[in-house]
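The values are calculated or read from the model by the stated rules, or taken from the named source; none is laboratory data. As the structure is a computational prediction, the values presented were derived from the model and not from experiment. Note that each Cβ is placed from the backbone with ideal geometry, even for glycine, and that neighbours are counted across all protein chains shown. Remember, those area values only see protein heavy atoms, side chains included, never the ligands or the DNA or RNA. Shrake-Rupley method; radii C 1.70, N 1.55, O 1.52, S 1.80 Å.
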Amino acid sequence: MIRKLKINKDIYSHTLDFFKKRIVEVCGLILISIFGVFSYSLINYSPKNQTLIYKIDEHGTSGFFEIYSNISADFFLQSFGLISFLIALSILSWGINLIFNKKINNFLSKLFYTIIYTIFGCLFVYITFNNSFWLIDNGNSGFIGERSYSLLSKFEPVIESNFSKVFLLLLTLTFFVLASNINIKYILIKIF
């Protein structure tokens, strides 16, 4: 009787472990599909889109998906500018890591690193090449870049030096790698 009970506990723990891994894999697939939809909406963004300018009505628009993809793309591109594409790559990396590793780890630290590289990246884009004919309202850096530059320029007027640009780029890339959980050593071994 004791042996039979132990086998049932083992079966229960293996079954529970199996379902946990499948749920994490499904979450990874959901993140990869979010990456696809988000990237599609960012690439197909147009500031001349009528759903963003005029009142949305049922006859003048083409579909539910198109309306909300344009609205979300407008929000991200006007807020974060070109750094929105790095956010999309982070989402893809999170989904791939969930599928292969089957574990959710360091979620809060990844979110924190994402916020940090978004701020540094928007600031870098604002300093280097903010003028845009595509993102005409807030430029390539979004309003986050503009606001962070106006805040920092009050305290540190040498923010536009070449050293600051390189430093901001390195900080952005470092925090992007940390947020995306990219294993640089593994990639270098595969390449070379």
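Hey, could you check region 51-65 for residues that are under 23 Å from ASN140 (Cα atoms) and surrounded by 13 or more Cβ atoms within 10 Å (Cβ to Cβ) and say which is modelled with the highest pLDDT? So the residue we want is THR51. Hey, any hits in region 9-18 for a residue that's in a loop (DSSP other than H, G, I, E, B), at pLDDT below 85 and not β-branched (Val, Ile, Thr)? No, region 9-18 contains no residue that is in a loop (DSSP other than H, G, I, E, B), at pLDDT below 85 and not β-branched (Val, Ile, Thr). The one condition from (1) under 20 Å from ILE32 (Cα atoms); (2) at pLDDT below 90; (3) β-branched (Val, Ile, Thr) that VAL158 does not meet is (1).
Every listed requirement among (1) open to solvent by less than 40 Å² (accessible area, probe 1.4 Å); (2) assigned to a helix (DSSP H, G or I) is met by ILE99 save one, (1).
The helices (runs of 4 or more DSSP H) found wholly in region 103-192 and carrying at least 2 residues that are open to solvent by less than 80 Å² (accessible area, probe 1.4 Å), aromatic (Phe, Trp, Tyr) and on the phi < 0 side of the Ramachandran plot occupy 107-128, 162-180. Taking region 7-33 as the range and being closer than 20 Å to LEU89 by Cβ and open to solvent by less than 80 Å² (accessible area, probe 1.4 Å) as the test, the residues that pass are CYS27, GLY28, LEU31, ILE32, SER33.
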